Amino acid sequence: MSEEKTRLVIVASRGTADGLYPALILATTAVAQGKEAAVYFTFGGMKLLTKQMAETIKPSVDLGVSKEQLEQLLAKGGMPSLLDMLKMAKQSGVKVYACSPTMNLFGLKKEDLVDVVDDIIGASTFLEIASDPKTLALFI
Amino acid sequence: MEMAKPVLTVDVRGAMCPWPVLKTREAVQRINVGEVVEVLATDPASKPDLEAWARKTGNRILSVEETGTDPVVYRFLIERVK
């Protein structure tokens, strides 16, 4: 991490549209504000990094709209799909971390993942990243 | 000082957070220091969000005008400072 920059790190743990959009929105906005940003995808959040599942992500029951309804609403507001949003985040400089224990749990290999992952890390590495005094860590 | 003339316009009317900030940042990176970008937005959060972005990045919002109703259109003039 560079000397002067502050950093935002987010744990994206939910595999729902309403769990993942906020993580990506905050991370890309942090980069726009001149911060470094990273998202650590774990458990349900790993769906977005998994080729076979990324397109199937639905909103949670809590949100109260169907996948199709949500897609229509998001399109109206100019919001890209989750996968496109992930690629844009990556392009803007957001670091993308995949959770090693989750991959182990579901038998995922590196080649099963969308081609945006900077690194596959575990809890210890994440905590080291999150422990920096110039870092703000959020769990979504 | 004369009212600054924008060299670029970012039209994010109809787009929601985070586009006003992301598109503004892209535009500001394309202009030179001292030049001004015009941003048109309808997202009601665009004003606080762009103000926060300007504070964080050290750029300057020269003016904010609100016109119309349903939706209100916000017009920002933003100077690239660094």
Check your understanding: Full extension from A:GLN91 to A:ASP115: what is 0.36 nm times the residue separation minus their Cα-Cα distance, to one decimal in nm?
Key -> 7.5 nm
Exercise for review: Go ahead and collect, in residue order, the members of segment B:51-78 whose backbone nitrogen is under 20 Å from a label point 7 Å along the Cα-Cβ direction of B:ILE31.
Suggested key: B:51-67, B:73-78
Study note, to complete from the structure: Mean other chain Cβ within 10 Å across A:15-26 is 1
Check your understanding: Build a GNM of chain A with springs between Cα atoms under 10 Å: which of A:LEU113, A:LEU26, A:LEU63 gets the top mean-square fluctuation?
Key -> A:LEU63
Check your understanding: Taking every eigenvalue of the Cα gyration tensor of the protein assembly as shown, multiplying by 5 and rooting it, what semi-axes result, largest first, whole Å?
Key -> 34, 22, 13
Check your understanding: Using Cα atoms only, what is the angle between the long axis of helix A:17-32 and the major principal axis of chain A, expressed in degrees (0 to 90) to the nearest 10?
Key -> 40
**Study point:** Square roots of 5 times each gyration tensor eigenvalue, C-alpha, chain B, largest first, Å
**Key:** 19, 14, 11
Check your understanding: Taking a 1.4 Å probe, which of A:SER124, B:SER46, A:SER66, A:SER60 shows the most accessible area, and what order do the others take after it?
Key -> A:SER124, A:SER66, A:SER60, B:SER46
Revision key, fill the gap. Connecting every pair of Cα atoms under 10 Å apart in chain A and solving the GNM, the largest mean-square fluctuation among A:GLU71, A:GLU128, A:GLU36 falls on A:GLU128
Practice item. Any lysines with Cα under 23 Å of the A:LYS90 Cα? List them, leaving off those in the same chain fewer than 8 positions away. Key: A:LYS5, A:LYS35, A:LYS47, A:LYS51, A:LYS58, A:LYS109, A:LYS110, A:LYS134, B:LYS23, B:LYS56
Study note, to complete from the structure: At R0 = 25 Å the Cβ-Cβ FRET efficiency linking A:THR125 and A:LEU105, nearest 0.05, sits at 0.90
Check your understanding: Rounded to the nearest 0.05, what FRET efficiency do B:GLU51 and A:SER81 have when you use their Cβ-Cβ distance and R0 = 35 Å?
Key -> 0.75
**Study point:** Calculated P(r) tail over 15 Å for segment A:3-82, as whole % of Cα pairs
**Key:** 60
Review point. Cα axis of helix B:46-57 to longest principal axis of chain B: angle in degrees, 0 to 90, nearest 10?
Key: 20
Revision key, fill the gap. Expressed as a whole number, the average count of other chain Cβ atoms within 10 Å around the Cβ atoms of B:54-60 is 2
Study note, to complete from the structure: Amide H contacts under 5 Å for B:ARG60, restricted to residues at least 5 apart in sequence or on another chain and with H modeled in the peptide plane, are B:GLU79, B:VAL81
Revision key, fill the gap. One point scatterer per Cα, no solvent, Debye formula: log10 I(q)/I(0) for segment A:57-140 at q = 0.13, 0.18 Å⁻¹ comes out as -0.62, -1.05
Study note, to complete from the structure: Expected integer from the mean partner chain Cβ neighbour count at 10 Å over B:15-21 is 5
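The values are calculated or read from the model by the stated rules, or taken from the named source; none is laboratory data. Just so it is clear, the model here is predicted, and its values are computed rather than measured. Note that each Cβ is placed from the backbone with ideal geometry, even for glycine, and that neighbours are counted across all protein chains shown. Heads up: the accessible areas ignore ligands, DNA and RNA and are worked out on the full protein's heavy atoms, side chains in. Shrake-Rupley method; radii C 1.70, N 1.55, O 1.52, S 1.80 Å.
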